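Enquirer: So that we are looking at the same thing, I have put the structure below in structure tokens.
The values are calculated or read from the model by the stated rules, or taken from the named source; none is laboratory data. What you are looking at is a predicted structure, and each value in this text was computed from that prediction instead of being measured. No Cβ is skipped: glycine too gets one built from the backbone with ideal geometry, and neighbour counts run over all protein chains shown.
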Amino acid sequence: MGMISLGDHLDDQTKQDLDTTRGGIILGPLSKIVDTARKNSLWPMPFGLSCCAIEMMAVVASRYDLARFGAEAMRFTPRQCDLMIVAGTLTRKMAPACKRIYEQMPEPKWVIAMGVCATTGGMFDAYSVVKGIDHIIPVDVYVPGCPPRPEALIYAIMKIQEKVLREKWSPFGERAVHGNYRGRDPNYGGVPTPDGGNKEAPEVYEEGNAGNKPTWRKGYFRG
């Protein structure tokens, strides 16, 4: 019975990695080593808002096992996380909380918009729903679907890992703003809102005047 060489069944990338670590010594630039360590040790910040959060929970379960990619350490505190996953419908009431959590996360940080509601607002064409979280915070990877399957979220995390590996580590330099952002905050690369000057006072509803009575759509608070 002949001996079978293990090298005959390995792909080219694995053979290259084994050749690099031959002798127990790895030589390379420090930035590359740090980026590789960050790539395989992402700490997600789960921000589940609706049904997409169920699929996000399934990713860390035993069937899909996100620990294979080194990103299973979900922490519900932004101080320890570097990857924010917004899963579900973001309303205007929750938008300030979403932005506050993002700003409390330390640099470097990345964002995944999971689901069509987090990406574009989805089927909720209402004044109370934000038409994409990139109006609030920068987004690095979009995951379409309603809801997307756990495999789609895993693929998005792999794309984040590729972005982390390509980003050059600079401990003393200022990190460039990344991601897609459509808002007005200049801190995220947006254009500040110009001053429109004096604005007309809103029309006040009076009980005796039936002509300016608000409809159910606008409401008494000009929604």
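Enquirer: Please identify the pairs in which a residue from region 31-50 that is more than 23 Å from CYS117 (Cα to Cα) has its Cβ atom under 6 Å from the Cβ atom of a residue that is assigned to a loop (DSSP other than H, G, I, E, B) and among the aliphatic types (A, V, I, L, M), counting only partners at least 6 apart or on another chain.
Expert: Qualifying pairs under 6 Å: LEU42/ALA71; TRP43/ALA73.
This table checks each residue for (1) under 22 Å from GLU55 (Cα atoms); (2) among the hydrophobic types (A, V, I, L, M, F, W, C).
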{"residue": "LYS99", "(1), (2)": "no, no"}
{"residue": "TYR102", "(1), (2)": "yes, no"}
{"residue": "MET105", "(1), (2)": "no, yes"}
{"residue": "VAL111", "(1), (2)": "yes, yes"}
{"residue": "ALA118", "(1), (2)": "yes, yes"}
{"residue": "ASP125", "(1), (2)": "no, no"}
{"residue": "ALA152", "(1), (2)": "yes, yes"}
{"residue": "TYR155", "(1), (2)": "yes, no"}
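Enquirer: Let me ask something additional. Go through (1) modelled with pLDDT of 85 or more; (2) farther than 30 Å from PRO186 by Cα one by one and return the number of the condition MET3 breaks.
Expert: (1)
Enquirer: Any residue in region 149-164 that is in contact (Cβ under 8 Å) with a residue 60 or more places away in the chain sitting within a Cβ distance under 6 Å of a residue that is part of a helix (DSSP H, G or I) and crowded, with 21+ Cβ neighbours inside 10 Å? List the pairs, counting only those 6 or more apart or interchain.
Expert: PRO150/GLU55; PRO150/VAL59; LEU153/VAL59
Enquirer: Within region 136-150, is there a residue that is more than 17 Å from the chain's Cα centre (by Cα), under 30 Å from ALA67 (Cβ atoms) and at pLDDT 75 or above?
Expert: Pass one, region 136-150, residues more than 17 Å from the chain's Cα centre (by Cα): none.
Within region 136-150 (the criterion being more than 17 Å from the chain's Cα centre (by Cα), under 30 Å from ALA67 (Cβ atoms) and at pLDDT 75 or above), the answer is no, since none of the residues qualifies.
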